[in-house]
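What follows is a single structure, written as structure tokens, with notes after it.
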Amino acid sequence: MAKRKAKNYNHHTLVPKHEKLSEKQKNDLLKEFKCNLGELPKLLATDAAIMDMNPKVDDVFKIHRFSRTEGISVFYRVVVDE
Amino acid sequence: MEENLPIYKKVKAISFGKISPKLIRKMASVKIVTPELYDREGYPVDGGLMDIRMGVIDPGLKCKTCGSKLKECIGHFGYVELARPVIHISYAKLILDILRKICRDCGVVLGEKLKPEEDAKEKKVDVLDAKKASARAPKTGVKCQSCNAKQFKIIIEKPTSYFEDGKRLSPIEVRTRLERLRDDDLPKLGLNPKVFRPEWTVLTLLAIPPVTIRPSITLESGERSEDDLTHKLGDIVRINQRLFENINAGAPEIIIEDLWDLLQYHVTTFFDNAVPQLPPARHRSGQPLKTITERIKSKEGRIRHNLAGKRTNFSARTVISPDSMLDLNEVGIPKQVAMKLTVPERATKWNMDFLKKFIEKGPKEYPGANYVVRPDGRKKKISDETKEQLLEELQPGYIVERHIMDGDISIFNRQPSLHRMSMMCHKIRVLPGLTFRLNPAVCAPYNADFDGDEMNLHIPQSEEARAEAEILMMVHTQLISPRYGLSIIGCNMDAISGNYILTKHMSIPKEEAVQLLASIGVDDFKRLPDKETVTGKEVFSVILPEDFSFTGKTREGNPVKIEKGKIKEGFMDKANLGEGHGLMLRNIHKNYGAKEALDILGKIFRLGIRTLQINGLTAALSDTDLTQKGKESVEKILADAKEVVNKLIDDYHNHKLDAFPGRSVEETLELKILETLNKARNNAGKIVQETVDKSKHTSIIIDSGAKGNVISMAQMAAIVGQQALRGKRMEKGYEDRTLSCFEKNDLSPKARGFVENSFKKGLTPYEFFFMSQTGRDSLMDTALRTPKSGYLYRRLANSMQDLKVAYDKTVRDASEKIVQFKYGGDGIDVSKSEGGIVNVKKIIESTR
Ligand SMILES: [Mg+2]
Ligand SMILES: [Zn+2]
Ligand SMILES: [Zn+2]
């Protein structure tokens with residue numbers, strides 16, 4: 001198969017907004033949920049939704065999803081490399 | 001306390017290896033030297049197979065090794081020294097693989113490069129790779145890359161003999177070859193040298209399992225009967241001894257070899273008595289011995305029978321049948337079951353006389369008792385002989401296991417138990433008959449019907465279990481489904497159509513109304529208007545709470561208005577009473593609580609059924625009669641459609657048909673025909689709906705939502721419609737036609753599966769044939785889909801079974817990993833909502 005250049009899907013209407021958390025926001029998050037990075041849901045570093053945001057392992061992304069009952073529902077994912 | 005401390009360690013890996021002779025010797029508490037079991041006094045012989053150092057199997061004795069009593073001592077291994085080594089049958093194949101892979105002289109792995117250290121480190125092979133390696137086994141003629149020795153082909157003569165170039169390799173030779181393998185080379189063969197040395201697969205010592213896993217039974221005659229394993233071990237030890245003696249006496253090699261082979265046979269069958277090439281070892285009665293492999297394997301083996309197949313006491317199972325006169329939280333059970341299942345009741349000075357009555361009746365009379373448990377835990381069966389003595393003996397502290405009676409707590413279950421409503425707590429009602437009885441309203445959560453379904457009943461045995469069952473599992477606590485927030489239990493079928501008729505059409509003399517209400521369990525008639533005749537709405541209103549107000553809609557969207565416990569407008573149907581709908585029920589639940597809602601639901605259900613018993617409900621053939629006008633318009637619709645289709649076909653043949661974008665002309669024709677015919681069927685359906693007599697019972701059943709739909713009504717009254725197979729009209733079957741009674745390439749509706757008759761009128765033979773084709777297809781489809789989707793659901797449920805909502809409202813798995821940051825993404829508890837939605841506006845309004 002021919003290798004196609006990966007496309008940036010971040011601005012597609014069906015891709016929920018991804019936002020990288022600052023180091024402080026990240027620590028606040030971990031404090032709020034009393035958990036460590038390993039207990040957060042994961043996100044691949046190569047995920048098309050975040051590829052233009054220079055993701056590094058252990059970065060945390062905040063995801064704003066549309067919800068019929070809540071309007072916007074937030075979710076967090078930590079970047080992993082495999 | 002130390003054992004209460006949590007363990008902060010996790011299992012990272014488990015490695016499986018083979019026990020070494022060294023370890024066998026080390027862990028053994030006895031060396032077995034004689035096949036004798038007991039001496040003349042019947043006492044176990046020292047160094048025999050029942051040596052008491054291997055554990056206790058007799059009550060009262062203490063273990064000579066660990067000092068524990070029966071059941072506390074788990075048993076201890078012994079060992080026998082084998083006179084000559086034997087092959088372990090489970091490793092026969094592995095041994096062959098290894099022998100073929102290594103040099104017969106120096107033990108190096110053949111065909112490898114000369115620097116084994118680097119290789120071994122680089123790739124860690126697992127056992128599966130070793131199997132692949134055996135496929136590359138070198139053939140005769142290959143030379144060792146290390147010592148240049150010529151190799152020969154090695155074959156196995158099953159089960160345990162190896163031959164190299166026609167000469168037999170004795171287990172001793174096999175063992176020496178395996179010994180030559182260096183630890184460094186083992187990973188190449190998929191072996192871990194820390195837990196597995198290949199020569200351990202040729203046994204020099206045999207571990208003797210503890211007596212606790214092969215206990216002997218004392219028969220009634222006082223004779224001892226030994227376990228199959230003990231028999232087999234006896235054979236091994238006996239032959240082993242003879243072999244020792246013959247070797248020491250310098251017997252001829254032939255005799256020694258024979259004994260050696262016999263020893264091999266016994267050791268092999270000790271491990272596995274179903275080796276294909278060997279005759280199984282048998283009892284004197286001729287039945288094969290059950291040795292180690294047979295104990296573990298198969299459906300009756302340890303794993304599937306004992307570990308995976310658990311059984312429960314104090315449970316019953318039988319066919320279910322309906323009884324709408326029972327409360328929803330009751331279950332009717334046969335007397336025969338009630339006399340087998342018991343509840344333990346502790347005697348105190350206050351209930352002595354009460355309990356004595358049960359003992360007096362005994363196990364054969366209801367309500368009696370089956371057992372008395374003494375304070376020391378000894379169980380005594382109540383019988384005619386023991387009755388008098390037990391009555392005298394009974395005092396506070398004793399436990400009487402009495403028969404279950406009306407009002408006792410039970411847990412009722414129907415498999416497959418897919419959700420928590422599949423096991424609910426019901427109160428016992430002992431009834432005549434041989435089936436479990438349940439209110440048909442609770443069929444929905446159990447997914448039960450009465451075509452022969454069976455259900456299970458469990459009786460909790462402790463106060464705590466009963467309390468939990470009552471508080472957490474009682475039917476009324478399960479009314480609102482946690483899946484969609486509406487009542488999962490509601491009215492169905494007759495209960496819906498009955499209430500529909502009652503609240504829509506009926507009006508009856510007051511006297512009858514009182515009787516009707518009395519028969520469903522209402523005894524307060526004050527709210528019935530003081531009139532000669534009362535309407536059905538007024539009768540129904542009596543059941544509703546006095547201050548209940550509700551506005552909703554019927555199925556067809558007409559308003560329903562209840563004010564101060566009286567129906568002012570509209571009537572009851574599936575939208576307000578049905579399972580999984582029932583907005584009115586949901587509101588009663590919210591305002592008056594679960595118990596009240598369940599009580600009202602039971603009354604509504606019975607009211608519907610009683611109404612039908614008085615009024616009658618019969619589906620008649622004439623219910624589907626159309627008016628003359630209706631008939632004509634259906635015929636007209638059909639004729640018009642046929643004309644359109646014929647026109648389309650003509651256009652197609654004259655090449656005047658334009659193709660849709662992206663479609664061929666043939667596909668376009670098919671689509672257009674299908675569309676025309678479906679439109680015709682739908683229009684005919686509409687005609688039926690408009691012209692059919694609404695007061696007829698078949699219509700009532702459909703309109704109330706009790707069962708059926710307008711499509712099937714139209715199929716009975718007007719046209720059945722197009723039969724489709726895989727989304728297309730019927731195709732082929734024969735060459736270029738569906739059936740031999742049509743011309744080739746006939747595209748007309750009737751030749752392609754359009755059934756223009758109604759079920760009532762009757763089908764032509766070819767229509768019947770087309771219907772049977774689609775019928776077969778959909779039957780196969782459901783038959784194949786049900787187990788598939790069932791298994792899919794099971795896997796899904798199992799994968800999520802230990803997810804829980806933590807106190808911070810996150811959803812976490814068993815290892816505290818976060819799955820959702822807010823339950824459901826929005827934090828709504830569906831069971832507290834209405835259909836998954838919290839209507840804030842409504843809540844504010846209701847608080848005004
Ligand atoms: Mg059934
Ligand atoms: Zn012991
Ligand atoms: Zn060699």
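The values are calculated or read from the model by the stated rules, or taken from the named source; none is laboratory data. Not measured: the values here are computed from a predicted model. Every residue, glycine among them, receives a Cβ derived from its backbone with ideal geometry; neighbour counts consider all protein chains shown. To get the accessible areas, we keep the full protein, side chains included, count just its heavy atoms, and leave off ligands, DNA and RNA. Shrake-Rupley method; radii C 1.70, N 1.55, O 1.52, S 1.80 Å.
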Which members of the range B:67-93 meet the condition of being closer than 30 Å to residue B:143 by Cβ and open to solvent by less than 40 Å² (accessible area, probe 1.4 Å)?
B:85, B:87, B:92
Checking residue B:471 against (1) out of contact with any strand residue (DSSP E or B) (no Cβ under 8 Å at 6 or more places or on another chain); (2) of a type in the set (Val, Ile, Thr); (3) closer than 15 Å to residue B:615 by Cβ, only one condition comes out false. Which one?
(3)
Evaluate the range B:272-289: report whether one residue or more is open to solvent by less than 90 Å² (accessible area, probe 1.4 Å) and assigned to a helix (DSSP H, G or I).
no
How many residues are buried (at least 21 other Cβ atoms within 10 Å of the Cβ) and among the aliphatic types (A, V, I, L, M) when one looks only at the range B:167-185?
2
Among the candidates B:822, B:842, residue that is open to solvent by 50 Å² or more (accessible area, probe 1.4 Å), at pLDDT 90 or above and not assigned by TED's automatic domain parsing to the domain that holds residue B:589
B:822
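Okay, residues lined up against (1) open to solvent by 40 Å² or more (accessible area, probe 1.4 Å); (2) among the aliphatic types (A, V, I, L, M); (3) within 16 Å of ligand 3 (Cβ to nearest atom):
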| residue | (1), (2), (3) |
| --- | --- |
| B:427 | yes, no, no |
| B:430 | no, yes, no |
| B:441 | no, yes, no |
| B:448 | no, yes, no |
| B:458 | yes, no, no |
| B:462 | yes, no, no |
| B:469 | no, yes, no |
| B:472 | yes, yes, no |
If we keep only residues of the range A:37-55 that are modelled with pLDDT of 90 or more and open to solvent by 50 Å² or more (accessible area, probe 1.4 Å), then the residue farthest from the other protein chains (Cβ to nearest Cβ) is A:44
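Just to confirm my filter: which helices (runs of 4 or more DSSP H) fall fully inside the range B:515-614 and include at least 3 residues that are more than 40 Å from the chain's Cα centre (by Cα) and not β-branched (Val, Ile, Thr)?
Working: elements: B:536-543, B:574-577, B:583-592.
Output list reads B:536-543.
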Before we move on, is residue B:618 surrounded by 21 or more Cβ atoms within 10 Å (Cβ to Cβ) and of a type in the set (S, T, N, Q)?
no
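With the condition kept exactly as written, say whether any residue in the range B:443-461 is more than 16 Å from ligand 2 (Cβ to nearest atom), under 23 Å from residue B:831 (Cα atoms) and in a strand (DSSP E or B). Full working, then the answer.
Start the filter on the range B:443-461 by keeping residues that are more than 16 Å from ligand 2 (Cβ to nearest atom), which leaves B:443-461.
Add one more test, that the residue is under 23 Å from residue B:831 (Cα atoms), and what stays is B:443-448.
Checking the rest, the ones that are also in a strand (DSSP E or B) come to none.
No, every residue in the range B:443-461 fails to be more than 16 Å from ligand 2 (Cβ to nearest atom), under 23 Å from residue B:831 (Cα atoms) and in a strand (DSSP E or B).
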With respect to residue B:829, is the statement that it is acidic (Asp, Glu), away from chain A (no Cβ under 14 Å) and either out of contact with any strand residue (DSSP E or B) (no Cβ under 8 Å at 6 or more places or on another chain) or farther than 23 Å from residue B:417 by Cβ (or both) true?
no
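Look at the range B:57-66 and say how many of its residues are within 9 Å of ligand 2 (Cβ to nearest atom) and either within 14 Å of another protein chain (Cβ to nearest Cβ) or open to solvent by 40 Å² or more (accessible area, probe 1.4 Å) (or both). Walk me through how you get there before you give the answer.
Within the range B:57-66, the first condition is being within 9 Å of ligand 2 (Cβ to nearest atom), and the residues that meet it are B:62-66.
From what is left, the residues that are either within 14 Å of another protein chain (Cβ to nearest Cβ) or open to solvent by 40 Å² or more (accessible area, probe 1.4 Å) (or both) are B:62, B:64-66.
Qualifying residue count for the region: 4.
For residue B:17, are the conditions met, namely being closer than 19 Å to residue B:212 by Cα and in a loop (DSSP other than H, G, I, E, B)? Break it down into steps so the answer makes sense when it comes.
Numbers: closer than 19 Å to residue B:212 by Cα: no; in a loop (DSSP other than H, G, I, E, B): yes.
Considered against the rule, which asks whether it is closer than 19 Å to residue B:212 by Cα and in a loop (DSSP other than H, G, I, E, B), residue B:17 comes out as no.
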Search result, residues across the range B:374-421 that are within 21 Å of residue B:339 (Cβ to Cβ), among the aliphatic types (A, V, I, L, M) and open to solvent by 20 Å² or more (accessible area, probe 1.4 Å):
B:391, B:399, B:405, B:411
I'd like to verify a number: residues in the range B:29-56 that are surrounded by 20 or more Cβ atoms within 10 Å (Cβ to Cβ), more than 11 Å from ligand 2 (Cβ to nearest atom) and assigned to a loop (DSSP other than H, G, I, E, B), how many?
5
For the range B:290-333, how many residues are within 30 Å of residue B:432 (Cα to Cα), open to solvent by 30 Å² or more (accessible area, probe 1.4 Å) and in a loop (DSSP other than H, G, I, E, B)?
8
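Please work out if residue B:351 is farther than 30 Å from residue B:441 by Cα and more than 27 Å from the chain's Cα centre (by Cα).
Considered against the rule, which asks whether it is farther than 30 Å from residue B:441 by Cα and more than 27 Å from the chain's Cα centre (by Cα), residue B:351 comes out as yes.
Working carefully through the options B:220, B:245, B:199, find the one that is open to solvent by 70 Å² or more (accessible area, probe 1.4 Å), away from ligand 1 (no atom under 16 Å from the Cβ) and assigned to a helix (DSSP H, G or I). So that I can check it myself, show each step before the final result.
Details: B:220 fails: assigned to a helix (DSSP H, G or I); B:199 fails: open to solvent by 70 Å² or more (accessible area, probe 1.4 Å).
So the residue among B:220, B:245, B:199 that is open to solvent by 70 Å² or more (accessible area, probe 1.4 Å), away from ligand 1 (no atom under 16 Å from the Cβ) and assigned to a helix (DSSP H, G or I) is B:245.
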Restrict the check to the range B:796-816 and report whether at least one residue is touching a residue at least 40 places away in the same chain (Cβ under 8 Å), more than 30 Å from residue B:622 (Cα to Cα) and within 39 Å of the chain's Cα centre (by Cα).
yes
Do we find a residue being more than 23 Å from residue B:404 (Cβ to Cβ) and more than 16 Å from ligand 1 (Cβ to nearest atom) anywhere in the range B:434-449?
yes
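Collect the residues in the range B:806-825 that are of a type in the set (S, T, N, Q) and within 7 Å of chain A (Cβ to nearest Cβ), keeping them in residue-number order. Even if it seems obvious, please write down each step before you answer.
If we filter the range B:806-825 for residues that are of a type in the set (S, T, N, Q), which is where we start, we get B:810, B:815, B:820.
Correct list: B:810 only.
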Given (1) of a type in the set (A, V, I, L, M); (2) within 12 Å of chain B (Cβ to nearest Cβ); (3) open to solvent by 90 Å² or more (accessible area, probe 1.4 Å), identify the lone condition not met by residue A:14.
(2)
Taking residue B:114, is it at pLDDT below 80 and open to solvent by 30 Å² or more (accessible area, probe 1.4 Å)?
yes
